[in-house]
Amino acid sequence: MYFNGNDFFRGVGYLLSGIREFWSRPRLWLYALVPLLCVKVVFSLVTWMVMKHWILPLESWMQGQFEVIGWNTVGGLAAKGVHWLCLIGLLMVMSAVASFLFELFGCFFFSRMVRFYEYWVYQRPQPPPLGVGRELLNGFDSIVYSLGTVLLYVPLMAIGIIFPLAGQLMTAWFIGYRYGVSYCAEAGFNRGMTIHTFQVRLRGRRPVLYGFGVAVFVILLIPFLSILLIPGCVIGGTRLVNEEWVN
């Protein structure tokens, strides 16, 4: 593959323009509202259950242990320390799964957002609805591809532990490419393609895809903020598809 730095940074530009497009067009926000509310409901329920059944009983138990020996003040401080440590741990876990849940709840909404955006901005005639069966097949295709990304992540993480800098660069490069494919896939699905056939069409434009995907990889590392950027990633992938080679 011939690598062109200009193409790579043009790919980064598609991500930035996609985020800008999403946040500058309020009509697109509706497609992200329901998935965002679903994530909020899940997190609220999980927080309530963890607080009620684990954190508060643990806090009470610890305070009671110190009160037995007369260290009431120390017990109160220790209980509060456990309280905040558990909350921070819970926050870190939720941050790690937030993007996954948002994409899971948003998959059907994002496909419709892409169809609407292509019609609105690129005047692409809206094809007939894909139908539930086709959307389920597309969803299955995406899940299989995402599982492959997860499996690839495992050896790359091991390399990153042994060779920190080289491992991180390799992870960004290889996982970034797959992220690029994933966030361009909705536009491919709307054209009747699978992820495999879509990748065949990427030949000759891979430096652009790498630039886009590596940039996506970097911003998805930002805790919680990544949720607000994911719809822009989808729009960025749609812009890349429409402006580069698939029309």
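The values are calculated or read from the model by the stated rules, or taken from the named source; none is laboratory data. All figures in this text were calculated on a predicted structure; none of them were measured in a lab. In this analysis, Cβ positions are derived from the backbone assuming ideal geometry, glycine residues included, and neighbour counts consider all displayed protein chains. We work out accessible area using only protein heavy atoms, side chains counted, and drop any ligands, DNA or RNA first. Shrake-Rupley method; radii C 1.70, N 1.55, O 1.52, S 1.80 Å.
As a summary of the residue check, residue 70 satisfies the conditions (1) part of a helix (DSSP H, G or I); (2) out of contact with any Phe, Trp or Tyr (no Cβ under 9 Å at 6 or more places or on another chain); (3) farther than 30 Å from residue 228 by Cα except for the one numbered (1). Residues that are over 16 Å from residue 242 (Cβ atoms) and of a type in the set (Val, Ile, Thr) within segment 192-214 comprise 194, 195, 197, 200, 214, listed in sequence order.
Can you tell me which residue in segment 29-82 is nearest to residue 98 (Cα to Cα), limited to those that are open to solvent by less than 40 Å² (accessible area, probe 1.4 Å) and without any contact (Cβ under 8 Å) to a residue 12 or more places away in the chain? Checked segment 29-82; the qualifying residue nearest to residue 98 (Cα to Cα) is 81. Is at least one residue of segment 158-170 closer than 20 Å to residue 35 by Cα and surrounded by 15 or more Cβ atoms within 10 Å (Cβ to Cβ)? No: segment 158-170 contains no residue that is closer than 20 Å to residue 35 by Cα and surrounded by 15 or more Cβ atoms within 10 Å (Cβ to Cβ).
Inspect all residues belonging to segment 108-118 and state whether any of them is open to solvent by 50 Å² or more (accessible area, probe 1.4 Å) and modelled with pLDDT under 80.
Taking every residue of segment 108-118 in turn, at least one turns out to be open to solvent by 50 Å² or more (accessible area, probe 1.4 Å) and modelled with pLDDT under 80.
Among residues of segment 231-242 that are in contact (Cβ under 8 Å) with a residue 12 or more places away in the chain, those with a beta-carbon under 7 Å from a residue that is open to solvent by less than 10 Å² (accessible area, probe 1.4 Å) and among the β-branched types (Val, Ile, Thr) at least six positions away or on a different chain give the pairs 233/216; 234/114; 238/114; 240/208.
Per-residue answers, yes or no, for (1) under 24 Å from residue 113 (Cβ atoms); (2) touching a Lys or Arg at 6+ places or on another chain (Cβ under 6 Å):
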residue: 14; (1), (2): yes, yes
residue: 23; (1), (2): yes, no
residue: 87; (1), (2): no, no
residue: 91; (1), (2): no, no
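Of all residues in segment 149-171, none are touching a residue at least 24 places away in the same chain (Cβ under 8 Å), of a type in the set (Gly, Ala, Ser) and in contact with a helix residue (DSSP H, G or I) (Cβ under 8 Å, 6 or more places away or on another chain). For residue 184, the conditions (1) of a type outside the set (A, V, I, L, M); (2) open to solvent by 60 Å² or more (accessible area, probe 1.4 Å); (3) closer than 18 Å to residue 139 by Cβ all hold with the exception of (2). Across segment 204-247, the number of residues qualifying as open to solvent by 10 Å² or more (accessible area, probe 1.4 Å), outside any helix (DSSP H, G or I) and touching a helix residue (DSSP H, G or I) at 6+ places or on another chain (Cβ under 9 Å) comes to 7.
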